[in-house]
Amino acid sequence: MAPNLEAFAKRSQVFSECRLGSFPTVPARADIATGKFAFTFTGWSALPQEEKTMAAYMNDLGYLTCGVADNPFLLRNGYGYDRGFQDFFWIKGQRGGAEGVDTKSTWTSESDRCAPQTFSTAIDWIERHQDEKFFLYVEPWDPHEPWDAPDHYVKQYLPDYEGEKVFPAYWDVGDAGVTERDLEVAHAGYRAEITVVDQWFGKLIDRLDSLDLMKDTTVLFASDHGFYFGEHGIFGKRRFLWDKKIPQNQQRIGTAGQTGYYYSCPLHQELTRVPFVMHHPRLEPRQHDCLLSLCDLLPTMVELGGGTPPDDIHGKSLVPVLEGNTQQHRDIVVSADADAHMMRDISKAVDDVPRLILETCPSTICYGEWEFIYAREGDPHALYHRFNDPDHKHDLAKDHPEIVARLHAKYVDWMDQHGVPEASKAVRRRL
């Protein structure tokens, strides 16, 4: 599915236990950009003006900085995720509406599509600046829906594919009328887009090799979150409804005139465990099983770039692990929905459509051999063995109340240490 990434991993540092912090797309970018757990201070919204970005830190260290992305939410509505870069290229076409329809109407080959354009633009930029000290951020939005890879990629995973397009229900599979064929087509489309991204990621690595840049360039590969294709009975990465979307649930829609509604959605490993691979030219390939989170990228890059990581962020530099001084990094990682975790009145997460938050999404607390899923006082919680049950099929909360209590206490302490607002902590202080 991803042969180029697999080849890249064989020459790199592979971190098998990286977890997202803030969920979903935009808050995860804030974690990367600021080195902080964004859900403690913001949601699906513009990057707060007072936050210094990774690009700005790299500017301070004398790097020429550039971003290339086709993620439609980085710049829309003043979100400001280009802040700090000396140059930024935005590839349009990922979203619907007039912009997306018009852009996609010009596609005549694979190279016209968003991910290929993103990587091609990055490769061209590298060729122009190969002799300079540079920091380059490259972000293809795929494998994000709509899954529209060329059909021949999809047929690699579904030979009888006939061009069907399936959009996620963002709801429970059975209740939404999702069929097995729907899930097959969607998953094949998702895997196809991963393969497209891998194909063009390989071209970027090949260009770095051909320019003899890999000998003194650090390259990081990471992702933001995963997706449910029927796991835990869900098709999508969130659970929400809107008027007349699912007729059998109209009685749960709420007040007439509201645009939509968010409901609880647990963050299992399918969503929280993400790839993190780093090539460092002076390090031998190695596997690491220490816990880390996406906000650790910023201090790691600053230290590798010759600077001192800032002391007012949540992230922790991985350099001690990379240098072999320790095999441990974090003892606890918290993953949380940035909007529903904070119980904001309205969220525009996923597609920029405003929805009223009706239920609190649980946080996932990863500690030692356990993963604890907890929302707020009075709500159901669950406990899973992290290694023996990575698919979270066996809830052990009733069997181990002492472990539940210990992990809850760890979670409360973590919130105290990371500045979670008291209004959010108050409803989570007790089981």
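Summed over the range 21-57, residues that are open to solvent by 10 Å² or more (accessible area, probe 1.4 Å), of a type in the set (A, V, I, L, M) and closer than 16 Å to Pro72 by Cβ total 1. The listed residues are Cys66, Cys18, and the only one of them that is open to solvent by less than 30 Å² (accessible area, probe 1.4 Å), under 18 Å from Leu322 (Cβ atoms) and either more than 14 Å from the chain's Cα centre (by Cα) or not β-branched (Val, Ile, Thr) (or both) turns out to be Cys18. Being more than 19 Å from the chain's Cα centre (by Cα) and touching a residue at least 60 places away in the same chain (Cβ under 8 Å) is a property that holds for Leu304.
Read through the list (1) in contact (Cβ under 8 Å) with a residue 12 or more places away in the chain; (2) surrounded by 15 or more Cβ atoms within 10 Å (Cβ to Cβ), then give the number of the only condition that Arg406 fails. Arg406 satisfies every listed condition except (1). Evaluation of Tyr190 against the conditions (1) crowded, with 20+ Cβ neighbours inside 10 Å; (2) hydroxyl-bearing (Ser, Thr, Tyr); (3) not in a helix (DSSP H, G or I) shows that the sole unmet condition is (3). Checking each residue in the range 360-403 for being at positive phi and surrounded by fewer than 20 Cβ atoms within 10 Å (Cβ to Cβ) picks out Gly368, Gly378.
Scanning the range 52-71 for residues that are assigned to a helix (DSSP H, G or I) and hydrophobic (A, V, I, L, M, F, W, C) returns Met54, Ala55, Ala56, Met58. A search for C-beta distances below 7 Å between a residue of the range 206-218 that is touching a residue at least 24 places away in the same chain (Cβ under 8 Å) and acidic (Asp, Glu) and any residue that is part of a helix (DSSP H, G or I) and open to solvent by less than 30 Å² (accessible area, probe 1.4 Å), counting only pairs 6+ apart in sequence or on different chains, returns nothing.
Apart from one condition, Asp131 fits all of (1) touching a residue at least 40 places away in the same chain (Cβ under 8 Å); (2) open to solvent by 30 Å² or more (accessible area, probe 1.4 Å); (3) part of a loop (DSSP other than H, G, I, E, B); the exception is (1).
The values are calculated or read from the model by the stated rules, or taken from the named source; none is laboratory data. The structure displayed is predicted, hence computed values, not measured ones. Cβ sites come from the backbone with ideal geometry, for glycine too, and all protein chains shown count toward neighbours. Each accessible area value is taken on the protein alone, full model and side chains, heavy atoms only, with ligands, DNA and RNA left out. Shrake-Rupley method; radii C 1.70, N 1.55, O 1.52, S 1.80 Å.
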